[in-house]
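The values are calculated or read from the model by the stated rules, or taken from the named source; none is laboratory data. A quick note: this is a predicted structure, and the numbers were derived from the prediction, not measured. Note that we place each Cβ from the backbone using ideal geometry, even for glycine, and neighbour counts take in every protein chain shown.
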Amino acid sequence: MIVFKDSDLQHDFERDGYVVLPLLTSAQVASLTGFYNEKTQIVDNKGVSFYSIINMNKNDALVKEIDSKIKDAVLPELNRFLVSYEVMIATFLVKQPKQDSAVGFHQDLTLVDETKFTGANLWLARQDVTVGNGAMTVIPGSHLLTNSIRPLPDFPVFFEDYRDELHQYARTIDLKAGEAILFNHQLIHGSSGNYSGEPRLSVIMPVKSEAAQWQYYYASSPGQPLEKYFIDFDSYYKIEKNGKPDAEVVGYAPFDFPRLSKSDFKKTMAKHHANGTSLTRFTKFLKKFLSKASAS
């Protein structure tokens, strides 16, 4: 697992599938923003509304310079919260102010063996983020619903039959500049459109359990076994959109994507909400109690 120094954060991450962390100061955020403005003028977004700098640029030197700059700023701060973890490549994620910039509910790719380890993404806000400029929306607890592999270029999602009802269980995560959400790759999430008039800039970085091996699955055709690859920094960022790594296939996995019925989904979500509410109330009560006890 990804191990937190704080037991409350560990509990919340395992229960809800995400936590919000206060990472960077305003000065650190300004430094990253200035670096982004200086270094990415040459990047052509090809009119795309939502993209990472890696997707739009294959300049090795620039990719590695961006990665180094972000990690130099973020990792010392992330070390205040985590132990026993590793990160992959760090880059900038851009959402242009366009009507088609919303991202629907989905889960992220499988990048570790999730039967043994945890994979996650760190998503850091460069400016204050709300529903008006592209805030992330999550379904708390949804990372616990199934354990199917999620390959590229596409796969059948277990919630397709009730996708339009997911908003009933969604939570919008507003962030201040410098705050980050760390979320499990299995968590169902999306983001609102950016209607602010200016680009929404964030930092994205995959995170995993320290003992895990980075891996990648590719579905060559529906029904055929999934190809499994081991990946590293170079092979990962050089993957073309919806493509596969320039690497040897190290194994195969079944093309198996069971659905979860709407009734089972609703039961699980209702139970999670009830447990989460009671635990949150208990935690707040306990903290208040201990605070009063220490003051007396």
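Report the residue count in the stretch 87-111 for those that are touching a Ser or Thr at 6+ places or on another chain (Cβ under 7 Å) and of a type in the set (A, V, I, L, M).
3
Against the condition farther than 22 Å from residue 272 by Cα and either modelled with pLDDT under 95 or surrounded by 14 or more Cβ atoms within 10 Å (Cβ to Cβ) (or both), how does residue 23 come out, does it pass?
On the way: farther than 22 Å from residue 272 by Cα: yes; either modelled with pLDDT under 95 or surrounded by 14 or more Cβ atoms within 10 Å (Cβ to Cβ) (or both): yes.
Judged against the criteria, residue 23 is a match.
Please state which of the following conditions residue 165 fails to meet, knowing it meets all the rest: (1) part of a strand (DSSP E or B); (2) in contact (Cβ under 8 Å) with a residue 40 or more places away in the chain.
Looking at each condition in turn, residue 165 falls short on (1).
Restricting to the stretch 90-115, and then to whatever is within 17 Å of residue 192 (Cα to Cα) and of a type in the set (Val, Ile, Thr), can you tell me which residue is surrounded by the most Cβ atoms within 10 Å (Cβ to Cβ)?
Per the criteria, the residue is 94.
Where residues in the stretch 97-109 are more than 26 Å from residue 72 (Cα to Cα) and part of a loop (DSSP other than H, G, I, E, B), which of them is modelled with the highest pLDDT?
Within the stretch 97-109, the first condition is being more than 26 Å from residue 72 (Cα to Cα), and the residues that meet it are 97-107.
Narrowing the set further to residues that are part of a loop (DSSP other than H, G, I, E, B) leaves 97-102, 107.
Values: 97: 92, 98: 90, 99: 88, 100: 89, 101: 91, 102: 94, 107: 97.
That would be 107.
Can you confirm whether residue 131 is outside any loop (DSSP other than H, G, I, E, B) and either modelled with pLDDT of 95 or more or under 15 Å from the mean Cα position of the chain (by Cα) (or both)?
Values: outside any loop (DSSP other than H, G, I, E, B): no; either modelled with pLDDT of 95 or more or under 15 Å from the mean Cα position of the chain (by Cα) (or both): yes.
Spelling it out, it is not the case that residue 131 is outside any loop (DSSP other than H, G, I, E, B) and either modelled with pLDDT of 95 or more or under 15 Å from the mean Cα position of the chain (by Cα) (or both).
Residue-by-condition table, conditions (1) among the hydroxyl-bearing types (Ser, Thr, Tyr); (2) exposed (fewer than 11 other Cβ atoms within 10 Å of the Cβ); (3) closer than 30 Å to residue 222 by Cβ; (4) at pLDDT 95 or above:
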| site | (1), (2), (3), (4) |
| --- | --- |
| 237 | yes, no, yes, no |
| 246 | no, no, yes, no |
| 283 | yes, no, no, no |
| 287 | no, no, no, no |
| 292 | no, yes, no, no |
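Could you tell me which residue of the stretch 179-202 is nearest to residue 78 (Cα to Cα), considering only residues that are over 16 Å from the mean Cα position of the chain (by Cα) and assigned to a loop (DSSP other than H, G, I, E, B)?
The selected residue is 199.
Would a scan of the stretch 234-251 turn up a residue that is charged (D, E, K, R) and in contact with a helix residue (DSSP H, G or I) (Cβ under 8 Å, 6 or more places away or on another chain)? Give the steps one after another, and end with the answer.
Narrowing the stretch 234-251 to residues charged (D, E, K, R): 234, 238, 240-241, 244, 246, 248.
Keeping just the survivors that are in contact with a helix residue (DSSP H, G or I) (Cβ under 8 Å, 6 or more places away or on another chain) gives 241, 246.
For the stretch 234-251, residues charged (D, E, K, R) and in contact with a helix residue (DSSP H, G or I) (Cβ under 8 Å, 6 or more places away or on another chain): present.
In the stretch 211-231, which residues are of a type outside the set (Val, Ile, Thr), in a loop (DSSP other than H, G, I, E, B) and at pLDDT 95 or above? Give the steps one after another, and end with the answer.
Just the residues of the stretch 211-231 that are of a type outside the set (Val, Ile, Thr), to begin with: 211-230.
When the remaining residues are screened for being in a loop (DSSP other than H, G, I, E, B), the result is 211-214, 219-225.
Residues satisfying the conditions are 211, 212, 213, 214, 219, 224, 225.
Yes or no: the stretch 151-169 includes at least one residue that is buried (at least 21 other Cβ atoms within 10 Å of the Cβ), within 30 Å of residue 68 (Cα to Cα) and touching a Pro at 6+ places or on another chain (Cβ under 7 Å).
No, because not a single residue in the stretch 151-169 is buried (at least 21 other Cβ atoms within 10 Å of the Cβ), within 30 Å of residue 68 (Cα to Cα) and touching a Pro at 6+ places or on another chain (Cβ under 7 Å).
Could you list all residues from the stretch 49-89 that are outside any helix (DSSP H, G or I), surrounded by 15 or more Cβ atoms within 10 Å (Cβ to Cβ) and at pLDDT below 75?
Once the filter is applied, which keeps residues that are outside any helix (DSSP H, G or I), surrounded by 15 or more Cβ atoms within 10 Å (Cβ to Cβ) and at pLDDT below 75, the stretch 49-89 yields 50, 51, 57.
Mind checking which residues of the stretch 236-275 are assigned to a helix (DSSP H, G or I) and closer than 20 Å to residue 206 by Cα? Step through it out loud before you land on a result.
Of the residues in the stretch 236-275, the ones assigned to a helix (DSSP H, G or I) are 236-237, 262-275.
Within the stretch 236-275, 236, 237 qualify.
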